[in-house]
Every structure is written in structure tokens, then in C-alpha cells.
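Okay, structure first, notes after.
The values are calculated or read from the model by the stated rules, or taken from the named source; none is laboratory data. Note that the structure is a prediction, hence the values are computed from the model and not measured. Please note: Cβ atoms are built from the backbone with ideal geometry, for glycine as well, and neighbour counts cover all protein chains shown.
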Amino acid sequence: MRLGAIQVQNIRVLAELECTPGARLNVFVGANGSGKTSLLEAIHILGSGRSFRTRRLGELIRRGESALMARGVLQGDDGASTPVGVEKGPEGLRIRVGGEGVRSASELARQLPLAVISPDSQRVLTDGADLRRRLMDWALFHVEPGYLATLQRYRRALRQRNAVLRDGGRLSGLAAWDEELAEAGEALHGQRTALLAGVLPLYAQTLQGLIPMAVDMDYQAGWDTSVALREALAAAAGADRARGFTGVGPHRADLRLGVEGSPAGQV
């Protein structure tokens, strides 16, 4: 779907604004402080329930006001329209999709996939593996309908296993969580590798036309995949208990980008 219309109230410097974006490329022009970035934040709110500049949505409420609002109309290729809206005020956060209230902002993301490209985007190359894992998760969320449920299942099992480790529980107490963690983890790994198998050729082909250097992408699963994750968890149980957290699994994965054999963040 694409954003066919947006209405904004009390988001940063924008008291009230209505906009009808074009079907393809849109360019917003204006003086410094006129609200260009505020409008982009409002669009991001409609696709995620949050800003790309801060985790605290309340910080966006215009000075002197008590609530903000962003509403939009999404238009599909088939001509269907879906209204979406986000309000943040004294009563908390309210999200509506198709005229119905929803509990999770993930429903917004399903309707309006967004990617922000800014000077901060280079952090994907220079910062730790967490940002790169989140990039993979974001992509898979939009192409694999069951990915979010699998990821949530994995994270729940990981929290429980780590709780047992922190509390000094017996290694035998890890067995149940190892099973759950391994099953969900192997599923995540399979979906990630399938995604990258399709992306890698496009990545290389695109960059060949932009830079005269060899580029590569190396996915590291988070454990030695010559053995099953269940076996890796069992083998690491003693070390995990000593450090108080789980040291192997998809939550330790990384997607390393290289140029001419060197990390891309150093080039």
C-alpha cells in the first residue's frame, strides 16, 4: 500500500497540516524549522507507531498542547483504501487500522512498510551486530507472515533460559527451554538464510554499478551450524551458567558487510 493522504495535528512545529502525497516520488521543500522533518516523523508514526528520532512519542507533542494525532489513508494497488490513525495523549497511545482499534503497532507496519535512510544509516556498518539483526528482522517481517510469531517465541524462550541461568538453576532445568529455543532458533536461521540467498545476488549486482570494488556479505548464524542448535546449547550450558546468559543462538547472529576484504565500516 502507499500513503494517499495524511492529516497531522500537534506534532513538533506542525499545529495542523493536511497533505496528499503523489503516487511516486515526493520532495518536501521549505525553510529550516518549517516542519519538513516533523512531517516525515508523522509519516513514520503511521507506519510504526513511533518516531525515527526518539523512542518517547510524547516528546513530539507540540509545546502547549496535550496530545498529538496522525491520520492517513492507505491505498492499495487494487484501489482499496484503509484508514489508519495514531493518537498520543494523557490517556496513552491509541492506534486504529481500518476503523478498528488495535493493540500492537506491528499492524501499522504490516499495512505501511517504511525504511528511513538518513546520515545515521551508516551505523548499520559501523555499530554492533544488533542493528544488522534488526535490519534482517525488519525485512523478514514484511515477506514472511509467520516470522514475527517465531521471533517472539524465540525471545520468550531466551528470556526464560537466561532467567534460569541468572538464578543459578541446575543445568537439568535448562532442558525444557533448550528444546523450545532450539526449535524456534532453527526456524529463524532458516528464514534468514533464505532471505539472504535472494538478496545477495541483488546486493552484489547493484553495488557493482556504483563502486569499482569487490563487495561481500557474510552471514554468521550465532553458533557453529555444523551441529544442531540444540547440541550447541547443551555444549555451552556450563559456560552459559558461569556468565549468566545464553551465548549461542540467532540472537548472536551478525551480517558482516565487506569491501575488498575489509569491513565496510572501515572503508
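Of all residues in the range 223-246, those satisfying the criterion of being on the phi < 0 side of the Ramachandran plot, in a loop (DSSP other than H, G, I, E, B) and in contact with a Gly (Cβ under 9 Å, 6 or more places away or on another chain) are W223, A236. Only residues that are out of contact with any helix residue (DSSP H, G or I) (no Cβ under 8 Å at 6 or more places or on another chain) and part of a loop (DSSP other than H, G, I, E, B) were counted in the range 247-267, giving 3.
Of all residues in the range 27-67, none satisfies the criterion of being under 15 Å from E16 (Cβ atoms) and touching a residue at least 60 places away in the same chain (Cβ under 8 Å). Close Cβ contacts (under 6 Å, 6 or more residues apart or on different chains) running from residues in the range 174-198 that are among the charged types (D, E, K, R) to residues that are at pLDDT 95 or above and surrounded by 21 or more Cβ atoms within 10 Å (Cβ to Cβ) comprise D178/L233; E180/A157; E186/L229.
Table: residues versus (1) touching a strand residue (DSSP E or B) at 6+ places or on another chain (Cβ under 6 Å); (2) part of a helix (DSSP H, G or I).
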position	(1), (2)
R155	no, yes
L158	no, yes
G168	no, no
L174	no, yes
E179	no, yes
E183	no, yes
L188	no, yes
R192	no, yes
L196	yes, yes
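When the criteria are applied in full, L112 meets the requirement of being out of contact with any Phe, Trp or Tyr (no Cβ under 7 Å at 6 or more places or on another chain), surrounded by 15 or more Cβ atoms within 10 Å (Cβ to Cβ), in contact (Cβ under 8 Å) with a residue 12 or more places away in the chain and closer than 15 Å to G47 by Cβ. How many residues, within the range 198-222, are in a helix (DSSP H, G or I) and among the hydrophobic types (A, V, I, L, M, F, W, C)? Matching residues across the range 198-222 total 5.
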